Amino acid sequence: MKASYKFALRIWGYYAITMLLCLFFVFFTSGDALGAILNIALLFGMLALAVNEGGYRGEKACTLAATLEKQSKDGRKIDPELPKQVFHRSVAYKMLAIAIIPFLFFASLNMIVNPPRPGEPALAETQEEESALVEQHMIGTPEPAEEGPERAGSAFGGWVRAICMVLFMPYVFLYHYLSEAALYWLFFAFGIPFPLAGAIGYMMGPRLREKKLKDMMKGKRRKMRKLKVNQPPKKPKAVV
């Protein structure tokens, strides 16, 4: 389980980097065609890094398993913690479940506190409510007592919506083309690609190890051929 948590943290790290890059460099142009292309390119690039991270961990775990097997055959003592780090498909499955949980939590919370309005654009602003709030703060008009709980609930919903909008920023180009209802339902899917990419990469571990061994053998043969070619011809021994 420890390996799965570490793996999930790494995947969250890649997602966080993508989120920040989109927030600071893509958000303001995401409505344009060029911005959308940049967003998609960045997204696929970071997903490729997530696959690579999973592949590295899977290949490393397979190599460790082979090393421990050799040590066991040689009768050498093995650290009890090392067998827990060898390749297991369950590591990818557990990582996938752990990494998705925060995304599902916020998507569910947003759906509960902000029931989507059919046909409403995802980036539409409730201008009347915002203008009323600004006016109240500017002139100091107190809010009616009976509207207190409703205001509090609305404020909490606004915060949850804002958090989700930032959390799922790697897909910001879709915000401009979807309705509020469609976007809120897609929030449940937006958290899947990065953990899934990492899990797929990890599952490729055995194949990557085989490829690595083949490449090593090819390199060794190439080196031996080069040594034979560059080796000076043997001089015939003098007959006594």
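Just so you know, all these numbers are worked out from the coordinates, no wet-lab data involved. Owing to the predicted nature of the structure, the values given are computational and were not obtained by experimental measurement. Cβ coordinates were reconstructed from backbone atoms using ideal geometry, including for glycine residues, and neighbour counts include every protein chain displayed.
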Relative contact order for the stretch 18-106: what percent, with Cα pairs under 8 Å and sequence separation of 6 or more? 19 percent
Lys/Arg +1, Asp/Glu -1 at C-beta; the stretch 1-130 dipole; positive extreme among GLY75, ALA48, MET95: GLY75
By Cβ neighbour count within 10 Å, fewest first, CYS164, CYS22 rank CYS164, CYS22
Proxy exposure order for MET224, MET204 (fewest C-beta within 10 Å first) is MET224, MET204
So how far, in whole Å, is the C-alpha centre of the stretch 1-72 from the one of the stretch 183-220? 10 Å
Between PHE105 and TYR5, the two model label points (7 Å from Cα along the beta-carbon direction) sit apart by a distance in nm of 1.4 nm
